[in-house]
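The values are calculated or read from the model by the stated rules, or taken from the named source; none is laboratory data. Nothing here was measured: the structure is a model prediction, and the numbers come from that model. Reconstructed Cβ throughout: ideal geometry from the backbone, glycine too, with neighbour counts over all protein chains shown.
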């Protein structure tokens, strides 16, 4: 039987429990990581993710649009963060030659040192709050789940981190 579009497809008890658990992770985990990063490194979780993305490149350089897509940010929000990074000497930006309004961001040596300094405690927090409380099979399932959700939300953006099946 097909439901009329105005009738919601209510969640079953199992679906509701899974959704509420996921929502709790989406809300509480970033907040916990953010709080810890602020205390330990003076960085927000978002700022750390931007620095980490840049640090993973051999030349420590990415286009603003690529960073924004990778950290699920607007260009405006990212631009404000990069402006702060420039003032702190952590990054610099340069216009990409040619047509269009493309801008590269490059992590400076000071920015690289900042993310390298913050990484061990951040990793410890990720392990403490998330990885170490899960069974190996849970991690595999979450990798699969994350990839499936990421593909559904943005099918044009390949999910490159973690499981893709």
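Scan the stretch 2-21 and give yes if some residue there is part of a helix (DSSP H, G or I) and under 22 Å from residue 154 (Cβ atoms), otherwise no. Checked against the condition, which is being part of a helix (DSSP H, G or I) and under 22 Å from residue 154 (Cβ atoms), the stretch 2-21 yields at least one hit. Starting from the stretch 24-51, take each residue that is on the phi > 0 side of the Ramachandran plot and surrounded by 19 or more Cβ atoms within 10 Å (Cβ to Cβ) and list its partners that are assigned to a helix (DSSP H, G or I) and modelled with pLDDT of 95 or more, counting only C-beta distances under 8 angstrom and pairs at least six apart or across chains. Once the first residue is on the phi > 0 side of the Ramachandran plot and surrounded by 19 or more Cβ atoms within 10 Å (Cβ to Cβ) and sits in the stretch 24-51, no partner that is assigned to a helix (DSSP H, G or I) and modelled with pLDDT of 95 or more comes close enough. When residue 65 is tested against (1) assigned to a helix (DSSP H, G or I); (2) modelled with pLDDT of 95 or more; (3) surrounded by fewer than 16 Cβ atoms within 10 Å (Cβ to Cβ), exactly one condition is not met: (2). Within the stretch 80-102, being at pLDDT below 95 and either part of a helix (DSSP H, G or I) or under 25 Å from residue 150 (Cβ atoms) (or both) holds for one residue alone: 102. All conditions but one from (1) outside any helix (DSSP H, G or I); (2) modelled with pLDDT of 95 or more apply to residue 73; the one that does not is (2). Does residue 113 meet the test of being modelled with pLDDT of 95 or more, within 21 Å of residue 33 (Cα to Cα) and out of contact with any helix residue (DSSP H, G or I) (no Cβ under 8 Å at 6 or more places or on another chain)? So residue 113 passes the test.
With the structure loaded, tell me whether residue 114 is exposed (fewer than 12 other Cβ atoms within 10 Å of the Cβ) and within 24 Å of residue 57 (Cβ to Cβ) or whether it fails that test.
Numbers: exposed (fewer than 12 other Cβ atoms within 10 Å of the Cβ): no; within 24 Å of residue 57 (Cβ to Cβ): yes.
No: the conditions fail for residue 114.
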